[in-house]
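Reviewing the structure listed below.
The values are calculated or read from the model by the stated rules, or taken from the named source; none is laboratory data. These numbers were taken from a predicted model, which means no experiment stands behind them. A quick note on method: Cβ atoms are made from the backbone with ideal geometry, for glycine too, and the neighbour counts reach across all protein chains shown.
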Amino acid sequence: MTGKRTTTGGHRTTTGGHRTTTGGHRTTAPRPTVRTGDVAEELAAVQRILARERLSIDDPQPGRTCFLSHLGAQTKLVPGPWVGHRDLLYALALANLSQPQRTSLARAVMIEHEREFGVGHLQLMALASGLPFGGSSLHLRHRSGGPTCLYTWALGPGATPVPCDWLLLRAQPDWAIDPSPPVLRPEGLEMLAALGGEVVVLVPTAVGAVQIAKACAGKVALAAHPRFAPHIEGHDPEAPVLLWPHDALDGAGLRRHEIAALVLVGAPETVRQEAHAWRSRLGPRAESIELVDVTCPGRLDREGLLAYWQACGQPRVLLRGDPSWVAAGTRMLSEHGGVVGVQPDATQLELL
């Protein structure tokens, strides 16, 4: 059994001041000096904890047990030994899975939030991420000691914080960009649909699709891509608003539709470029199709993310994701006293 080889040479670290509030006035106090070498050594220790163990997170690998944090956090649901929250596994049981995936599901280990369990030499505890279907962050520590870390995939207002040495964050436009795109609202979809034609809402994962469906319940009728449909209650195949995956814009399913607008939910630059290219291929119709950038409802904004980080004890942060979001998130966290390590080109961490 082999893990992925990792290095620390590609990580950048930044430090900032530490802000405290006294009597309603914000003051800036010096943070205890942290040597770059200490940060690199500790980050290397976190990498060793994960890269050499039997556990992988949202990245199924041969010979390793995969912890499933959220619906769609994995690029592909590869059969193998799985661990996941009970509600997540129940939701997967209703999805369109292949027979090998169903076999893996039947053998999966169901866990609850805030109950410790172990995989190999790791002591683990799943915590609520605030997202649907038992969405989970994962607290990790080695049985023999060393730094603790909290892996997060995405966070909602109900996310449970826990003290840790390292917080692993995926940069999101909701809190990294200032100002961030507006939050998707049902009233906005109603206005776009009233213009005539159909509105395609491009969403990265089933988690986002479910959150949008909940926000629109009783207000806007929704159709859904087959990948999302098993998780969307009361979806209407004939509805003028379609929930569609980021990576399926060029699929055959949209060719019969007269599209009036594309709503890009939490879309990184690569997806935005693909959307513009798709629109340009439509010829004369392209100018009439509106592109709108929004963020997903039910996610932490900047204030919420900072409060969560502070509730975790202001740990050091390792950021990954879209490079432009990572750069903006690094600046923001550094300005608030954070010590930040960066892995800008990874949606999931290579060490996982």
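Computed values, structure above
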| item | result |
| --- | --- |
| Selected residue [of a type in the set (Val, Ile, Thr), assigned by TED's automatic domain parsing to the domain that holds residue 305 and more than 20 Å from the chain's Cα centre (by Cα)] from 152, 160, 148 | 148 |
| Positions within segment 58-97 being in a strand (DSSP E or B), of a type outside the set (Val, Ile, Thr) and under 17 Å from residue 120 (Cβ atoms), in sequence order | 66, 67, 82 |
| Any hit, segment 32-55, residues being in a strand (DSSP E or B) and either modelled with pLDDT of 95 or more or out of contact with any Phe, Trp or Tyr (no Cβ under 7 Å at 6 or more places or on another chain) (or both) | no |
| Enumeration of residues in segment 124-148 that are farther than 30 Å from residue 298 by Cα and either polar (S, T, N, Q) or not in a strand (DSSP E or B) (or both) | 143, 144, 145, 146, 147 |
| Unique match (being under 30 Å from residue 246 (Cα atoms), in contact (Cβ under 8 Å) with a residue 40 or more places away in the chain, buried (at least 17 other Cβ atoms within 10 Å of the Cβ) and in contact with a Ser or Thr (Cβ under 7 Å, 6 or more places away or on another chain)) among 95, 91, 126 | 126 |
| Failed condition for residue 83, given (1) farther than 26 Å from residue 314 by Cβ; (2) at pLDDT 75 or above; (3) out of contact with any strand residue (DSSP E or B) (no Cβ under 7 Å at 6 or more places or on another chain) | (3) |
| Single match in 307, 267, 275 (criterion: at negative phi, surrounded by fewer than 18 Cβ atoms within 10 Å (Cβ to Cβ), at pLDDT 90 or above and under 23 Å from the mean Cα position of the chain (by Cα)) | 307 |
| Search result, residues across segment 59-88 that are among the charged types (D, E, K, R) and surrounded by fewer than 18 Cβ atoms within 10 Å (Cβ to Cβ) | 76, 86, 87 |
| Considering residues of segment 174-192 that are in a helix (DSSP H, G or I) and touching a residue at least 60 places away in the same chain (Cβ under 8 Å) only, the residue surrounded by the fewest Cβ atoms within 10 Å (Cβ to Cβ) | 188 |
| Single condition residue 228 does not satisfy, out of (1) surrounded by 17 or more Cβ atoms within 10 Å (Cβ to Cβ); (2) over 27 Å from the mean Cα position of the chain (by Cα) | (2) |
| Subset of segment 188-216 [among the β-branched types (Val, Ile, Thr) and more than 24 Å from residue 256 (Cβ to Cβ)] | 205, 207, 210 |
| Verdict on residue 234 being in contact (Cβ under 8 Å) with a residue 12 or more places away in the chain and surrounded by 12 or more Cβ atoms within 10 Å (Cβ to Cβ) | no |
